[in-house]
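Quick note: the coordinates plus some simple rules give every number you see, no bench work behind them. Quick caveat: nothing in here was measured; it's all calculated off a predicted structure. All Cβ positions, even for glycine, are placed from backbone atoms using ideal geometry, and neighbour counts span all protein chains on display.
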Amino acid sequence: MPDLLPRDDVTTWGPRQVPVPYATHWTGEDVTASRIVLRPDFAGIRYPDETPTDRDAHGVLWGRVRQDPGAGKPDFQALHPNRQRRTMEHRLCQVCAQPASHNRDGWLFLLNADHDHNGDTDTDTDRAGFEGALVTKPPLCLPCAQLATHHCPHLTRPTAIRSRRPRVWGVFGTLYTLTPAARLQPHHDLHLPYTHPALPWFLASQLVTELKRCTTVDLTTEFQALR
Ligand SMILES: [Zn+2]
């Protein structure tokens with residue numbers, strides 16, 4: 001394994017100077033206690049004090065989470081909704097927030113072939129190749145991908161994938177339905193495509209990308225070619 005390049009653009013935490021990805025959620029970034037209510041036309045959900053920034057370009061309502069990276073401890077299992085969406089949407093590296101790695105094989109993503117965590121369907125994709133994988137983890141630049149394979153405890157079988165056509169697919173989060181008594185009932189941890197009629201009833205926490213035209217790549221070879 002080649003040496004890691006020294007990095008001064010990545011936040012570190014604790015005495016062991018563990019790198020903390022830009023998109024990681026910090027425990028001090030509390031979920032803002034916002035009430036979800038029924039729209040006056042009964043056609044979906046809203047915040048009582050909603051502003052245009054609460055919805056994305058598709059009109060989907062997003063969860064409110066305070067933005068204060070560095071507050072408390074990093075929660076390496078969770079991504080901050082705003083920073084996840086920003087990096088995913090603009091194809092920025094989830095660790096350093098610089099442009100993600102892109103070459104003739106496409107954009108670089110790091111998937112875990114063993115586990116289905118944070119909503120990613122990596123387990124299914126392991127059988128069928130990674131073509132069409134739905135992912136919530138944003139892409140990476142090459143040096144950060146190398147860093148992540150060394151430090152990220154959740155990546156037990158990291159697999160580097162390049163996708164020539166990563167496509168914004170939809171959202172991950174909570175779907176609300178109405179009970180017979182007309183109360184809102186949440187259903188957590190669901191994926192919903194941007195074409196789905198239930199979007200007005202969805203509270204998003206992550207942007208979901210579909211990876212098309214995928215190639216599995218060898219990070220070590222790519223990293224050595226870079227030097
Ligand atoms: Zn990076």
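Below is a table of values for the structure above.
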quantity	calculated
Check: the chain dipole with +1 on Lys, Arg Cβ and -1 on Asp, Glu Cβ, in debye	360 debye
Under-5 Å amide H pairs with His25, H placed in peptide plane, nonlocal only	Asp75, Ala78, Leu79, His80
Cα coordinate range in the range 1-115, projected on the principal axes (Å, largest first)	59, 39, 28
Kirkwood hydrodynamic radius of the range 35-77, from inverse mean 1/r over distinct Cα pairs, in Å	12.6 Å
Descending Cα extents along the principal axes, the chain, whole Å	61, 41, 28
Rough spin-label spacing in nm, given labels placed 7 Å along Cα→Cβ, for Asp30 and Ala43	3.6 nm
Trypsin sites (Lys or Arg not before Pro) within the range 173-221, DSSP loop, no more than 16 other Cβ atoms inside 10 Å	Arg183
Helix-only mean residue ellipticity at 222 nm for the chain, each DSSP H run of n ≥ 4 adding -39500 (n - 2.57), per residue, nearest 500	-4000 deg cm²/dmol
Length-normalised contact order for the chain - Cα pairs under 8 Å, 6+ apart - percent	21 percent
Rough spin-label spacing in nm, given labels placed 7 Å along Cα→Cβ, for Val168 and Thr220	3.8 nm
Gaussian network model of the chain, springs between alpha carbon atoms under 10 Å - residue of Arg104, Arg16, Arg66 with greatest fluctuation	Arg16
Residue among Thr216, His196, Gly14 farthest towards the positive dipole end of the chain, charges placed on Cβ	His196
